[in-house]
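Worksheet: one structure, shown below.
The values are calculated or read from the model by the stated rules, or taken from the named source; none is laboratory data. These numbers were taken from a predicted model, which means no experiment stands behind them. Here the Cβ positions follow ideal geometry from the backbone for every residue, glycine too, while neighbour counts run over all protein chains shown. Surface accessibility is based on the protein's heavy atoms, side chains included, excluding ligands, DNA and RNA. Shrake-Rupley method; radii C 1.70, N 1.55, O 1.52, S 1.80 Å.
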Amino acid sequence: MQKKKSRRKEKICVGVIGYAIFLIYSMWPVYRLRDGYHSFYGVFRLLSQKGAAALTDSCRDVWDGNMGAIKIQVGLFVIMQIVAVLYLILLILNKYRYIQPVVIGIAITEMFLSDYAAYGTVADNVMAFMFFMPMVVMSLLELALQKMIDVYDEALARSRNYEVQEQEKKEEAHRRLDFPGKYTKLFYHMIWKNFRSDWKDYRLFLFCGIMVGTLAFSGLGAYEMLSSSHRADLSMYGGEGLGRILINAMIPLAACCLFLMVFVLIFYLRKWIQNYSIFVTLGIRRKALWTIAGLEIGLGFVFSYIGGVIVGNGVLLLFRKIVGNMVGDQINLSYASKTTYLVSLAVLFLVYLVSLMATRDIVSDFNLISAATRNVAKEKMPRRFLKIITVIGAAICGYSAISYSKIYNYEKITLMLALFVGLFLLYRFGGTLLLRKDKASKGYLGTLLKRNDRYHRSKTTAWYLAALTALHICGMFYFAFQSVSVTVAEQPESLFPYDFMCISYDEDQKTFENLEKQYGAKVTTYPMVRISNSDKTEKNEGYYEKRIQGQQIGISESTYHALKKAIDPDYKPHFLHLDAKGEKVYLVHQQDRSVKAQPIDWTFSKKKPNIHVGIVCEGYTPYEHFSEETTYQQRTIAGEEIGSLTGCFRDGKLENLVVFSDAFFTKAQNLWKTTNVLNGSFIKKKTDAIEGLTVKQGPTKLVLINSKAKDHKAIKRELEKFQEKHKEDQAYDAEIANYYAKDESVKDLRTERMMKLIVNLFVTATMLFISMFLVYIKVLSELDEKNKRAEFFTCMGMRKKERIRILLGELHLMFWLPGAFTALVTAVFTGITFYVRMYTNAVKLQFITHAVWLWGGYILVELLFMWLLGKFMVRKVEKDDE
Amino acid sequence: MNNQEIIKVEDLTRNYRMIYAENPEDREIKVLKGLNFAVKTEEFVGIMGKSGCGKTTLLKVLGLIDKPTDGTLYFNGVDSRKLWSDELADIRRRKMGFIFQDFYLLDSLSVEDNIMVPMVLDKAPVKDCLEKVAYYMEKFGLMHLTKKKPNELSGGERQRVAICRALINDPELILADEPTGNLDTQSGQIVIDALTEINEKMKKTILMVTHDPKMASYCSRIILLKDGQILEELKREKDQDAFYHRIVDKMQEL
């Protein structure tokens, strides 16, 4: 009772303090009017007397003069204060009443009203908008405190009770689970012996861990090695820099590593559990069991890391040698620092963690009998919706192929993932459909023994087939294409027809005339307009994230023909089907054959590019709707080509050519005068167009320079000064420059290609290796079962030849079926990529001639491995006969 | 002591979810349907029934390896539901011995090591382990096989190793699942003689699952299971042959 009384005091105290502050604050002068600060009522009084004249200049234009709204707010304010005062009086009279929600409700209503009208528009200081927010917060806080006081005693008692219970639980656990003493040496001796007998499996697990560690270390190390050279650092934002090439290859590799680790861990843990189930039955303590498991996995992790670092350093050394031999001193390679060591450790840890989480259901089941039979348990075959899901699988594959043929999909690896999902559905459900059909046929019994594995282990077989197909497709198509495309790409020099390309202004004319006079440089000038597109990168930025806009070069149809003629004197101009309104554009993607086909603009749903004539309008966002029509318009692509007319300086990501009809181009040159440079809206009133503030002309001249090699350095110095003059052009995007030099770009391109070739060949080789490793694990994990089956077949009188045929048939299925799907996918997708990269027939032929060697080598290694594995399996399974 | 109930089950039920049933819908199979019985100390109880009647499931539940879906299992008067997993492990290690049809010996360990596993897991001193192992190996005629691996032994020898392992911690209860199932008649006889001796001379309680009436006739009491329920309990008379014939007759009725 005493406690209750004291709590009441606390409640009154909190209420009185809270609402006293509330009421004092409500009378505070926070509204800034013409003659100073006024309270809420003061504002009402002044407005009633002077009207808009009481307000500051800026507020006078904004306030609509609606006194009715002001009166409503004042009325509500009075009610709110009366209720607050009433509450306060009741509290002082020692009578607590629950009436604060009325105050809170009114304060919130006032807050919203002030946001849009009435009091929100009469003062121009921030506090005027925020006036009601502290009141809402204060009243809510007071209410919360009152509630907390109500439950405080109960919560305190509950908390104490909980503590006592926890303590009791701890004591009980200590008493019940007391297990004094230490394990003797015999225990460790047994565990060691057991571990030794598992060594073969553990070795495989360790090998896989070292492989993952090696890939993580060498990948990260190679990235760091290259990060200080050329524009690898910029490549993170776009383009085909060295780091980007490496990252593109490392992500699928990381996924493969994870997949492989999970696979090996499942294989290892199943055997481990089978062994330790006996210990569990015989009463091993959980702590001891998990310590053994933790030690084995922990040691695996440590040795994987150490092994990975050692082998990874070897790989890096090899990589350094190869890069050094191929490009000499053109590239500056740094050394792997402690960052690589630490990050690779984190990556490996993450792989282990994810793998362990993925296999947790296996670890949780220590049932001795089910552990022993788990490996031979029949797998359920799907029964329902087989046809529908098979059709869905085929549709996904079809969708993937069609989408891949669209330039705006940028040969995305996610489309490959979709394809793999489709293929898995085909294997699992389509395969089951065929097996069920086969089961119903007359010849079923004749082939039962040969195909029993597919029925018995339908799920595992489907997973293996899908995984192997995915690996082969990655190896034979996706990464192989990237590497072979390098071998058919144009000579780097031929991609830069001019020594320098400049994006200049009218006032720069003198600079170029001087270059002509001083160095005898051949300067060709064409009219241009800066073109912006609403999204520069393939990244999906989402609603709130700012998009970086791309910048391209807009030219007229005549300029296009002139540029073509300059490169090829035999060129004959043809009609580009462009219109006078500028709705249709012709695009020249300035990139080489080894670069993925890509769109000019990456805006979501980007079948039509969002192209703006003029410099980048920073305030523009594709999500915001202006009252005026935006100048970022979706334009139809009348035609496009991949090639180089002025130079592939930004690999097709930026500085591509956007060709307009001559009629529109003339109009486009003046569009800047009516385009709001802040947000890209049209300016209708002439007075709103203030040069340098709301309108701004971008570069107007495309200057192409050829000069003698000895003058390149001197010209570059001059152009650096020219660039310095226009440095604000780079303020938005550091990848954009006012001049681009051929020499540097040729060097960059050469190193990028070399990098692309090495990395993609490495990934192809790794995919091949992982696929072989996977089949090897499959064979090992099924060896016991196959041994038992062979014994059974022998007892049943089956001839050895027949037994071997069944054994090899099961193994070879893992070669020919994924191989057939891979061949089909490779053929189709290679054709599609030829189409999107717009390869000519001669290039296609050249590509195939080069690719055949890679494909042949891949298949040959795979065949050789299968043959050896077949021999190994037969020897292991049919050992008794020998 | 003789009247003390070492195991008591009340309305014991165990259901399994069949994942690989032919029926695509997963089915719940009721394996044990509300069993009620008790086993007293020093009893030699046999559990019999046709294949699939729930014998092994019952043994797993009684051995605290598996948990009942419903009902209560008392071990030495303690409700098993109230025990934590490490307490169950302690009971399995100290108070129970297991003998399986498939032996479940570790091929990575020698015969000697296999036998001492429960003692080692109980942190027993090395000297005690070695002495006790030597005692039981001698008792069951395994001295010449000390350093051999289980996969080098015959079925009968392996089962004797398993019996030694079951006895090493001096348990109160021995659970045997078809201990002679994988053995020839001669080896089977050796094993059942050993079990009888363990029961009679060492005063251990034994619970044996078997489908062999000959082996069952050595038990003092038989619990006959049919479709997860207790059909009948048979008590052994003095004449073992008569008991055997009664069991055979009952088995034919099943």
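The table below lists the values:
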read-out	value
Built amide H within the under 5 Å cut-off of residue B:99, gap 5+	B:175, B:176, B:177
Low-density loop positions, GluC sites (Glu not before Pro), the stretch A:476-568 - DSSP coil, at most 13 other Cβ in 10 Å	A:545
10 Å Cβ neighbours from other chains, averaged over peptide B:121-133	4
Helical segments meeting 24 Å axial Cα length and Kyte-Doolittle 1.6 threshold in chain A (DSSP H)	A:67-92, A:338-358
Zone of residue A:295's modelled label, taken as backbone nitrogen in the stretch A:177-202 under 19 Å from a point 7 Å along Cα→Cβ	A:179-202
Debye log10 I(q)/I(0) for the stretch A:1-151, one point scatterer per Cα, at q = 0.12, 0.16, 0.19 Å⁻¹	-0.54, -0.82, -1.04
Average other protein chain Cβ within 10 Å of Cβ, residues B:113-119	4
Potential lengthening between residue A:537 and residue A:673 on full extension [0.36 nm per residue; Cα-Cα distance subtracted]	46.1 nm
Theoretical FRET efficiency, 1/(1+(r/R0)^6), r = Cβ-Cβ of residue A:174 and residue B:69, R0 41 Å, to 0.05	0.85
Trypsin sites (Lys or Arg not before Pro) restricted to DSSP loop in the stretch A:847-882 with at most 11 other C-beta within 10 Å	A:879
Distance from the stretch B:169-201 to the stretch A:635-651 (C-alpha centre basis), Å	87 Å
Net length gained if the chain between residue A:875 and residue A:607 were fully extended (0.36 nm per residue, minus Cα distance)	90.7 nm
Net length gained if the chain between residue A:200 and residue A:618 were fully extended (0.36 nm per residue, minus Cα distance)	144.3 nm
Between the stretch A:714-739 and the stretch A:141-204, the alpha-carbon center distance in angstrom	65 Å
Within 10 Å of each Cβ in B:161-169, the average number of Cβ atoms from other chains	1
Inter-probe distance in nm under a simple model that places probes 7 Å from Cα toward Cβ, at residue B:240 and residue A:306	6.0 nm
Where labels lie 7 Å past Cα in the beta-carbon direction, separation of residue A:714 and residue A:784 in nm	8.2 nm
Ranked packing of B:115-127, A:464-476, A:83-95, A:668-680, most packed first, by mean Cβ within 10 Å	A:464-476, B:115-127, A:668-680, A:83-95
Centroid-to-centroid separation of the stretch A:532-567 and the stretch A:791-824 [C-alpha atoms, Å]	56 Å
In Å², nearest 10: area of residue B:250 left accessible to a 1.4 Å probe	50 Å²
The protein assembly as shown shape via C-alpha gyration tensor axes, a/c threshold 1.5	oblate
Förster-model FRET efficiency, 22 Å R0, residue A:799 and residue A:383, C-beta, rounded to 0.05	0.05
Set of the stretch A:627-668 residues, backbone N closer than 20 Å to the point 7 Å along the Cα-Cβ line of residue A:844	A:640-643
DSSP bridge orientation in the protein assembly as shown - percent antiparallel, rounded to nearest 5	65 percent
Among B:29, B:222, B:174, residue whose mean-square fluctuation peaks in a GNM of chain B (springs only between Cα atoms under 10 Å)	B:29
16 Å cut-off, amide nitrogen to a point 7 angstrom out along residue B:233 Cα→Cβ, residues in the stretch B:46-64	B:46-48
Mean residue ellipticity (222 nm) of chain A, computed from DSSP H runs ≥ 4 via -39,500 (n - 2.57), nearest 500	-21000 deg cm²/dmol
Selection of chymotrypsin sites (Phe, Trp or Tyr not before Pro), the stretch A:264-364, meeting DSSP coil and at most 13 other Cβ within 10 Å	A:335
Lysine-lysine proximity count for the stretch A:501-599, Cα under 18 Å, sequence distance 8 or more or distinct chains	7
GNM top mover of B:154, B:220, B:110 - chain B, alpha-carbon springs below 10 Å	B:154
Förster radius 45 Å - calculated FRET efficiency between residue A:16 and residue A:56, Cβ distance, rounded to 0.05	0.75
Nitroxide proxy distance, nm - points 7 Å out along Cα→Cβ at residue A:662 and residue A:349	6.8 nm
